[in-house]
1. Students often get this wrong, so try it: which of (1) -0.38, -0.64; (2) -0.51, -0.85; (3) -0.60, -0.75 is log10 I(q)/I(0) by the Debye sum over Cα atoms at q = 0.13, 0.17 Å⁻¹ as calculated from the structure shown?
2. Once R0 is set to 30 Å, what does the formula 1/(1 + (r/R0)^6) return for the Cβ-Cβ distance between residue 83 and residue 52, expressed as a FRET efficiency to the nearest 0.05?
3. Please label the shape of region 12-54 as rounded, prolate or oblate, based on the square roots a ≥ b ≥ c of the eigenvalues of the alpha-carbon gyration tensor (a/c under 1.5 means rounded; beyond that, a/b larger than b/c means prolate, else oblate).
4. Could you check the spin-label model distance between residue 26 and residue 39? Points 7 Å from the Cα along Cα→Cβ, value in nm.
5. By the gyration tensor of its Cα atoms, with a ≥ b ≥ c the square roots of the eigenvalues, what is the shape of region 39-78: rounded for a/c under 1.5, prolate for a/b over b/c, or oblate?
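We did not get these values from a lab; they are worked out from the coordinates using the rules stated. It should be emphasised that the depicted structure is a prediction, and the values quoted were computed from it without experimental measurement. Quick reminder, even Gly has a Cβ in these numbers, built from the backbone with ideal geometry, and neighbours come from all protein chains shown.
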């Protein structure tokens, strides 16, 4: 599994892993998340976070393929299987 270094986008720490046709992106939005939604459209994951500080939107580039998303306890996981 190729391991990307930590990156930061708009004060959100995230990490990307690439391995044999699969990409995993993990981002930690912290414990202040009350509600969240994720939609993957045309190579971009659009994340809307509702929390104590109001709503914020983030975008992450994702490779083409079938995407599965999960957010739990403020941690977002996006898995993309290449097609």
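1. (1)
2. Numbers: r = 39 Å, r/R0 = 1.29.
After rounding, the FRET efficiency stands at 0.20.
3. Details: a/c = 3.60, a/b = 1.75, b/c = 2.06.
Cα axes put region 12-54 in the oblate bin.
4. 2.8
5. Working: a/c = 3.41, a/b = 1.72, b/c = 1.98.
Oblate shape, in that a/c is at least 1.5 and b/c is the bigger or equal ratio.
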